[in-house]
1. Only four residue types carry charge here, +1 at the Cβ of Lys and Arg and -1 at the Cβ of Asp and Glu. Report the dipole size of the chain about the Cα centre in Debye, rounded to the nearest 20.
2. Got a sec to turn the phi values of the range 3-10 into Karplus ³J(HN,Hα) couplings, 6.51 cos²θ - 1.76 cosθ + 1.60 with θ = phi - 60°, whole Hz, x for Gly and Pro?
3. Residue by residue through the range 11-22, which ³J(HN,Hα) values in whole Hz follow from phi under the Karplus form 6.51 cos²θ - 1.76 cosθ + 1.60 (θ = phi - 60°), with glycine and proline marked x?
4. Could you give the accessible area per residue of the chain, probe 1.4 Å, as a whole number in Å²?
5. Return a whole-number percent for the relative contact order of the chain, with Cα pairs under 8 Å and 6 or more residues apart as the contact set.
6. How far, in degrees from 0 to 90, does helix 46-60 lean away from the longest principal axis of the Cα atoms of the chain, to the nearest 10?
7. Using a 1.4 Å probe on the protein heavy atoms, what percent of the accessible area of the chain belongs to carbon and sulfur?
8. Which part of the range 30-49 falls in the paramagnetic zone of ASP3, meaning amide N under 17 Å from the point 7 Å along Cα-to-beta-carbon?
Amino acid sequence: MPDGKPAGERCPHLTGDHRCALFGSPERPSVCGSLRPEPSMCGDGARAAFVTLRRLERATAPRRSPPRISPA
Ligand code: SF4
């Protein structure tokens, strides 16, 4: 994903059991390798982590402008 991952879209490298298919590989994005998980992000497990992730994606999603109406 050279232009980044859109909010709400699953990473194509995330396996079915929520593991990174690129872990340990030089192709893994550096931002992923530098991320340090912590309790405020992960909570007590995957369910809590996904709730936090969805909240962060909504909070940082680009705002949509209302449609422009052309003068008649
Ligand atoms: S660590 Fe990065 S590359 Fe791996 S699954 Fe997560 S977002 Fe994708």
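The values are calculated or read from the model by the stated rules, or taken from the named source; none is laboratory data. What you are looking at is a predicted structure, and each value in this text was computed from that prediction instead of being measured. Cβ: placed from backbone, ideal geometry, glycine included. Neighbour counts: every protein chain shown. Calculation scope for accessible area: heavy atoms of the full protein, side chains included, ligands and nucleic acids excluded. Shrake-Rupley method; radii C 1.70, N 1.55, O 1.52, S 1.80 Å.
1. In debye, rounded to 20, the chain gives about 340.
2. 9, x, 8, x, 4, x, 9, 6
3. 5, x, 9, 7, 7, x, 9, 6, 10, 8, 6, 9
4. 94 Å²
5. Averaging sequence separation for qualifying contacts and normalising by length gives 25 percent for the chain.
6. 30 degrees
7. On the chain, the fraction of accessible area on carbon and sulfur atoms equals 58 percent.
8. none
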